[in-house]
Amino acid sequence: MSEFSGVKQPEFDTMTSKHTQTASQLEELAQALHKELQSAGLDTAPAARLRRLAGRVTTQAEDLRRRQRLVHELQRQKVTFGRSTPAGSFLEIPDNLEAAQGLLDGTLAGRAALKAADGDRKALAELEKYASRTGDPEFVKSFLSTLGALGVTRVPGAIAMQLRDARKRQDAEGVTQLSRQGQKVLGMLSTALAKGTDPRSPAYMGADFLKGLVKEGRAEHKAGDTKYSGYQAQALIWRAHDGKPPYSKEFMEVVGRDVIVYEHDERKDQWAAAKDPLGRYVKGKQLPIIDLAGALGLGTMLMPGTQAGSPGMEPQSAVVDNLFHAAKSSREASQALLDHRPAGWKESVLDYLITTRWSASCFLNDYKPIRDMLTIATTGQDATSKKLAAEMIKTLSDQVRDAFGKDTEHLEIRNRDLFDRYAPLGYPLGRAISANIHELSELLLNGEKFDKVAAKDMAYAMVLATRDHAAFEGLVRAQMEHMRAALDNVPPVGLNASNAERLGFTKADVKQYDFNGNGRVDKADVKQFLVDQATAEARPFGFIVEIRRQVLIAQGLDDKKADEALKSMVGSALGLLPVPGAKQVGEMAKGAFGELLGKGYDTFTGAAYDEIAKQVAQRMFEHGQTMDETHATLANNRLAAERLAEQLLATAMLNKDMLDTLGQKKHSFTTGNPPRIKPFAEMTPQEYSQFLAWARESGGANDLLDRFENTFRETTKVHDYLDLETPSSSGGGK
């Protein structure tokens, strides 16, 4: 065994005793020597050296005594590993005291768990004492080794059975105690299991342990007169997980994927029968495999954070949905589960979950686990996230398309049940599109596909996504940050060959941006680039807002009322800051941005668009006042989006030195002598509005805004994608 030492116990006890005796004798000798030297008026340094030696030996003796106590306890508990050799019998003990303690505690906890699995109520209280030890890898390894895959499966089964029996006896005190103990023990098991099945953890139990979990998960178990599958019991452990540490991709590849296949195979015939009229009459709804707590009528009593006697005891949870809860603890784990096609299947797990199995998820009406898992799996910037995002967009677009009518002036829902059926997935769908906002622009501007997703597919997916208020807000934030990043690429006024490198550009960039060939980038050049970028960004902005408008109309809601989220963005002047890590910030801009450019703002460089937006909004609200009085009178989402664009463009013009100097003229939004722009955070709403008006006049932004608004309000493409009649005015619904 690695990091273990072999000792003969009698000799070890003798060595410990003699070491302790020697330490005491050295200390006595040092004291006597010091006294003699001091009496003779001689240097006492030799006595001091002897005392330091005595101290070191005393420390060693204390260490040996601790080891001796552990050896005796390990032997008493029969936790030691023995080995016989021609030289005698040896005991192997960990070199590290903490490891030895972990070995002891883990074994005792494992034994308590096994007793609990056999129905010993007192053992649960004993096991509870070790809940804080799961941070020690030696404890976890010893704990899981003692339990084995069978024990891990039996413990939650026993807890659930005891809780059921206490309810039958109407033992209210027992129910409360078992519910609390059960939640704590299941959480402990989940933490240990996450560590023990992760190859990157020092507590890793190896591939055979994972295979054992699968074997016991598929096996039939029995407690009293009740039979259940191992996965029904293990699912209680997964649902108790707090996300720390996350379950590994290897766990999901071995156990998680098998759980998906297991339920599919077990329910395949019933689900197929439930799809035809006769089958629905006989079989009823498409039922998932319920976890053991649900099967025993325990509701949420074993879920963390619930009270045994609280309302809401009836809800059930399914084995697969509990697996989703565990998978959402990391992107790798979620993707390992979703980005897979089991042997013999014609569809991926992701496609299967939101098509074939979706009715089973709807039956329980518990969408949080799958929503959270889909969100974490599809919102990264890695290749797998993008692949899964595209697959989800395409699949959901295909599913909801038949819910709508064709050749009508406005979107019309003709199959409300079908549309409502997928409403719970609107939020993760919207988040996935937000994370791929650049791909949305490419679809609309260049006709490119996002994997298999075409612009028409995206339009129908957006109908589902923009139905969700939070998803719509996320999409607007993402597009706003995309526009801000695009405007940051516009060169500043005055860029030339001599300052290009300092400003983050190349000499080749100067030639590209210098339209009139005078050797420098002037206002006319910058304005042209701003027009080009603003027009390009207006197309996806209009796409998002027009589809949202159509969804509101289709649901019979007032499309003329601005969403509170957009009004809040306008009110906080979101969009007024340059993109983190901007290549250049003009001198006039620095004063206006003020302290908001500090506080680690540049640490957001490279962060997701919606994350940057939320962080900036939070900082603006810290100042305790709205930045824009216009938000109070906004009539609809179009006006709100146009106001956001105006704020973005004003920031870009300020940042690129497009605005005329202030000179000596005083404005309400200026301060000091000579005047400078006040920090935005110090402006009143009226002053901020007057600043925007000055920016339009000083930088010639009126024409720029007109170009943006004309493109933004062009709805013909959206109508084409959604098979709607083109209204007589392309800006219908203004």
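Worth a mention:
- Of everything in segment 331-368 that is of a type in the set (Phe, Trp, Tyr) and farther than 17 Å from SER317 by Cβ, the residue that is surrounded by the most Cβ atoms within 10 Å (Cβ to Cβ) is TYR352.
- For segment 555-583, a tally of residues being touching a helix residue (DSSP H, G or I) at 6+ places or on another chain (Cβ under 8 Å), open to solvent by 10 Å² or more (accessible area, probe 1.4 Å) and closer than 30 Å to GLY405 by Cβ returns 5.
- Of the residues making up segment 309-358, those that are in contact with an Asp or Glu (Cβ under 6 Å, 6 or more places away or on another chain) and at pLDDT below 95 number 1.
- Qualifying residues in segment 445-458 (those that are assigned to a helix (DSSP H, G or I) and modelled with pLDDT under 95) - the one surrounded by the most Cβ atoms within 10 Å (Cβ to Cβ): LEU445
- Residues (of a type outside the set (S, T, N, Q) and modelled with pLDDT under 85) located in segment 664-677: LYS665, LYS666, GLY672, PRO674, PRO675, ARG676
- Test for LEU530: is it assigned to a loop (DSSP other than H, G, I, E, B) and among the aliphatic types (A, V, I, L, M): no
- Verdict on LEU396 being more than 19 Å from the chain's Cα centre (by Cα), buried (at least 21 other Cβ atoms within 10 Å of the Cβ) and modelled with pLDDT of 95 or more: yes
- When segment 215-233 is filtered for residues that are out of contact with any Leu (no Cβ under 7 Å at 6 or more places or on another chain) and under 17 Å from GLY187 (Cα atoms), only TYR231 remains.
- Checking each residue in segment 126-183 for being in a helix (DSSP H, G or I), of a type in the set (Asp, Glu) and within 17 Å of GLY297 (Cα to Cα) picks out only ASP165.
- Residues that are among the small types (Gly, Ala, Ser), closer than 26 Å to LYS244 by Cα and open to solvent by 10 Å² or more (accessible area, probe 1.4 Å) within segment 166-196 comprise just one, GLY187.
- Scanning segment 653-669 turns up no residue that is under 28 Å from VAL521 (Cα atoms), open to solvent by 10 Å² or more (accessible area, probe 1.4 Å) and not in a loop (DSSP other than H, G, I, E, B).
- Search result, residues across segment 670-709 that are open to solvent by less than 50 Å² (accessible area, probe 1.4 Å) and among the basic types (Lys, Arg): LYS678
- Residue match in segment 406-417 (condition: part of a helix (DSSP H, G or I) and open to solvent by 60 Å² or more (accessible area, probe 1.4 Å)): yes
The values are calculated or read from the model by the stated rules, or taken from the named source; none is laboratory data. These numbers come from a predicted model, not from an experiment. FYI the Cβ positions are ideal-geometry reconstructions off the backbone, even for glycines, and counts take in every protein chain you see. The accessibility values were calculated without ligands, DNA or RNA, using every heavy atom of the protein model including side chains. Shrake-Rupley method; radii C 1.70, N 1.55, O 1.52, S 1.80 Å.
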